[in-house]
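We did not get these values from a lab; they are worked out from the coordinates using the rules stated. Nothing here was measured: the structure is a model prediction, and the numbers come from that model. Virtual Cβ from ideal backbone geometry, glycine too; neighbours counted across all protein chains shown.
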Amino acid sequence: MSVKQYNPITPGRRQMTGVDFSILTANEPEKSLARGIKNNAGRNNRGRITTRHQGGGAKRLYRFVDFKQNKVGIPGRVLSLEYDPNRTAFIALVAYRDGEKRYILAPKDLKAGDEVVTSSIAPHKNGNRLMLKNIPVGAFVHNVELFPGGGGKIARSAGSSVQIIAQEGGTTHLLMPSKEVRIVPDSGFASMGVLSNSEWNAVSIGKAGRSRWMGIRPTVRASAMNPRDHKYGGGEGRAVRGTRRPKTKWGKITGGRRTRNKNKASGQFILRRRKK
């Protein structure tokens, strides 16, 4: 798959690129698996903005994606590959042999008509879902369960995957994209393959209006603000930052400082931390 280029018929079009949707096979979502969602625009239950730079954007339907894929032993056939505006990876509509339809995350090279199955003895094929202990060392997997039955939590965005590097004592060692090594129970399930749409992060937005379609509002430089609005604000002309350490608007130190809680219970499952 390659990034789609546009003819430079306008200044905004000149640098713009997009995702190639030619591999998709359906334009409309399955009605029984989609519903409208309200855009809260970064506001909490009191209506106050808690996440800045959100608002507007095109209307979108939420697709119910099956992250558990718990129909064990029931084969399913891929009916279509579809775009999901709520996530970066493509999704696949699967019709199972018992008549039920579900959406799953679509791995790379999955095509309409392919068969997928969740089973501890399933073939090591793209899209199949197996127990971690039955997947060979060196394989790439996605939608990995942290705890058995909890549904996939790891490697769910476009182009992502984790690599199985060891099987030891009822656990599986996973090499994360960040180079962190994490331990998970080997009785959890994972799907084979690397997720689709791997070049989504190479897309150039091209113009400000396209960001607004995506629900992203403009960001103002901190150094252009007043002193009351940001730690970097104020001064005559272009002033220097005025602080030795980079800080957020609320004065929290950033730029390389580790933010993970040292006492977090899941820290015991990390064999090797990611690099600074």
Quiz prompt | Order of LYS262, LYS247 under a 10 Å beta carbon neighbour criterion, fewest first | solution = LYS262, LYS247
Quiz item: Counting only residues 5 or more places away or on other chains, whose amide H sits under 5 Å from the amide H of GLY152 once H atoms are built in the peptide plane?
Solution: LYS68
Self-check item: HN-Hα J in Hz across the range 132-140 - Karplus 6.51, -1.76, 1.60, θ = phi - 60°, x for Gly and Pro
Solution: 4, 5, 9, 9, x, 5, x, 6, 9
Self-check item: Sequence ranges 253-259, 179-185, ranked by mean other-Cβ count within 10 angstrom, highest first
Solution: 179-185, 253-259
Quiz item: Label points 7 Å out from Cα along the Cβ direction at THR243 and PHE64: separation in nm?
Solution: 4.6
Quiz item: Points 7 angstrom from Cα along the Cβ direction at ILE74 and ILE253: gap in nanometres?
Solution: 5.4
Quiz item: Which residue fluctuates the most in the chain, going by a Gaussian network model with Cα springs under 10 Å, if the choices are HIS124, HIS230, HIS142?
Solution: HIS230
Quiz prompt | Length-normalised contact order for the chain - Cα pairs under 8 Å, 6+ apart - percent | solution = 17
Quiz item: Between ILE205 and ARG272, what is the spin-label point distance in nm, taking each point 7 Å from the Cα along the Cα→C-beta axis?
Solution: 3.6
Quiz prompt | Whole-Hz ³J(HN,Hα) from phi, Karplus 6.51 cos²θ - 1.76 cosθ + 1.60, for the range 79-95, glycine and proline x | solution = 8, 7, 10, 9, 7, 10, x, 8, 8, 7, 7, 6, 10, 10, 8, 10, 9
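What is the sum of charges around THR25, taking Lys and Arg as +1, Asp and Glu as -1, for the other residues whose C-beta is under 10 Å from the C-beta of THR25?
On the way: positive: LYS111; negative: GLU82.
It works out to a net charge of 0.
Relative to the present Cα-Cα distance, how much length would full extension add between ALA222 and LEU146 at 0.36 nm per residue of separation? List each step's numbers first, then the result.
Working: separation 76, 0.36 × 76 = 27.36 nm, distance 3.86 nm.
Gain on extension, ALA222 to LEU146, equals 23.5 nm.
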Quiz item: Under the Karplus relation 6.51 cos²θ - 1.76 cosθ + 1.60, θ = phi - 60°, what is the ordered set of whole-Hz ³J(HN,Hα) values for the range 175-186, x standing for Gly and Pro?
Solution: 8, 7, x, 7, 6, 6, 10, 10, 9, 9, x, 7
Quiz item: Hey, can you rank 153-159, 4-10, 100-106 by average C-beta count inside 10 Å, highest first?
Solution: 100-106, 153-159, 4-10
Exercise. State the label only: which of [x] 111; [y] 128; [z] 181 corresponds to volume of the Cα convex hull per residue in Å³ computed from the shown model?
Key: [z]
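By counting other Cβ atoms within 10 Å of each Cβ, how are GLU115, GLU28 ranked from fewest to most?
GLU28, GLU115
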